[in-house]
1. Tally time: how many residues in segment 202-216 are of a type in the set (Gly, Ala, Ser) and closer than 15 Å to Ser260 by Cα?
2. Could you list all residues from segment 215-236 that are within 14 Å of Gly181 (Cβ to Cβ) and over 19 Å from the mean Cα position of the chain (by Cα)?
3. Cβ-Cβ under 7 Å, sequence separation 6+ or interchain: first residue in segment 239-263 and free of Cβ contacts under 8 Å to residues at least 24 places away in the same chain, partner away from the ligand (no atom under 11 Å from the Cβ). Which pairs?
4. Quick check on this structure: which one of Glu215, Glu191 is within 25 Å of Ser78 (Cα to Cα), of a type outside the set (Ser, Thr, Tyr) and free of Cβ contacts under 8 Å to residues at least 12 places away in the same chain?
5. Quick check on my filter: what residues within segment 175-198 are assigned to a strand (DSSP E or B) and within 16 Å of the ligand (Cβ to nearest atom)?
6. Hey, among the residues in segment 147-157 that are buried (at least 24 other Cβ atoms within 10 Å of the Cβ) and within 17 Å of the chain's Cα centre (by Cα), which one's farthest from Ser248 (Cα to Cα)?
7. Can you pull out the residues in segment 52-81 that are more than 19 Å from Phe113 (Cα to Cα), out of contact with any Lys or Arg (no Cβ under 9 Å at 6 or more places or on another chain) and in a loop (DSSP other than H, G, I, E, B)?
8. Just wondering, is there one or more residues in segment 203-210 that are within 16 Å of the ligand (Cβ to nearest atom) and among the hydroxyl-bearing types (Ser, Thr, Tyr)?
Amino acid sequence: MNPRCKPKNKDAQNAGTAFAQRLPGKAGSSIIPAMQGDFHWPDFLPAFREAAEHDGFLRTVIAETSAGPIEAWLRRGSGPRVYLSTGIHGDEPAGPLALLDLMKGGFFSDPEFRHFDWAICPALNPTGLALGTRGNADGIDLNRDYWNRHTPEIAAHVAWLESWGWPDLFLSLHEDSDTSGFYFYEINLREDQPQRADAILAAVSPWFPAEPGPEIDGHIPRGPGWIYHAAEADLPEHWPEAIYLSKSGCPLSFTFETPSSAPLAPRTAAHRAAIQAACKQLPQA
Ligand SMILES: [Zn+2]
């Protein structure tokens, strides 16, 4: 069991072969940025930086790649510690754009959320985002590398996470090309609170219905659009980020998945709504 978007188990199992053949995974050197709808990689980090600095976030460079840096943006606060991550699959632009929209729109300075202790990684896979590919420039799915940490990107990302610490809530933004509705994974190590799932799905409902069952992304959902996932990886040596964080002690995570066959605007809107709904569910202590 592990949160994932595409590909399914068969593809994920093949990832081990890719590692063996391609190590030491140096990112490509001549990348011509691909256009993905309204997402244009060369413009993304500068736009995010301008908005984040305006809102008082501080930048940390986690690693450099041939397509640009992997950045973390932090703003300390006394409230719940929330970590947002996206762009680990380069062909899923709605997540990065949703975070950019939220930053530009002042979401993180809203009175309800401005005291949160924020950490944001808006683009974990620069070479993949530049190419418009799921994997990095070496064709490796970074979101299956949190156990082995063979890739420079994830080795550096884990080192940064271990220096930063663990959040109260982890939100991971993804997309799925095989679905028409919205769905999400929940990994919850504490009290079961089904109302959180209801709130997320209600918030997204103006844009997408909950993906129906009986099976979603290879899992039996607990309800429409809701995969209630154990803190165990489907494939033991191919941990995604959400499994790594839960194994490290993060008590609650949601992995949001929008249907990538739909237009980009409602996909980004759905991610924004889901993030807001999940944050509203947190205790304010
Ligand atoms: Zn994904």
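Every read-out reported here was derived from the displayed coordinates using simple, explicitly stated rules and does not represent laboratory data. It should be emphasised that the depicted structure is a prediction, and the values quoted were computed from it without experimental measurement. A quick note on method: Cβ atoms are made from the backbone with ideal geometry, for glycine too, and the neighbour counts reach across all protein chains shown.
1. Step one: list which residues in segment 202-216 are of a type in the set (Gly, Ala, Ser), which gives 202-203, 205, 210, 213.
Among the residues that remain, those that are also closer than 15 Å to Ser260 by Cα are: 210.
Residues flagged as of a type in the set (Gly, Ala, Ser) and closer than 15 Å to Ser260 by Cα within segment 202-216 amount to 1.
2. Here is the first cut: in segment 215-236, the residues within 14 Å of Gly181 (Cβ to Cβ) are 215-217, 221, 223-227.
Correct list: Glu215, Pro221, Gly223, Pro224.
3. Correct list of pairs: Lys247/Ala231.
4. Details: Glu215 fails: within 25 Å of Ser78 (Cα to Cα).
None of the others qualify; the one that does is Glu191.
5. At the first step, the residues of segment 175-198 found to be assigned to a strand (DSSP E or B) are 175-176, 182-188.
Across segment 175-198, the qualifying residues are Glu175, Asp176, Phe182, Tyr183, Phe184, Tyr185, Ile187.
6. Of the residues in segment 147-157, the ones buried (at least 24 other Cβ atoms within 10 Å of the Cβ) are 151, 153-154, 157.
Adding the requirement that they be within 17 Å of the chain's Cα centre (by Cα) leaves 153-154, 157.
Values: Glu153: 19, Ile154: 15, His157: 14 Å.
Ranking the candidates gives Glu153 first.
7. Hit for segment 52-81 is Ala67, nothing else.
8. For segment 203-210, residues within 16 Å of the ligand (Cβ to nearest atom) and among the hydroxyl-bearing types (Ser, Thr, Tyr): absent.
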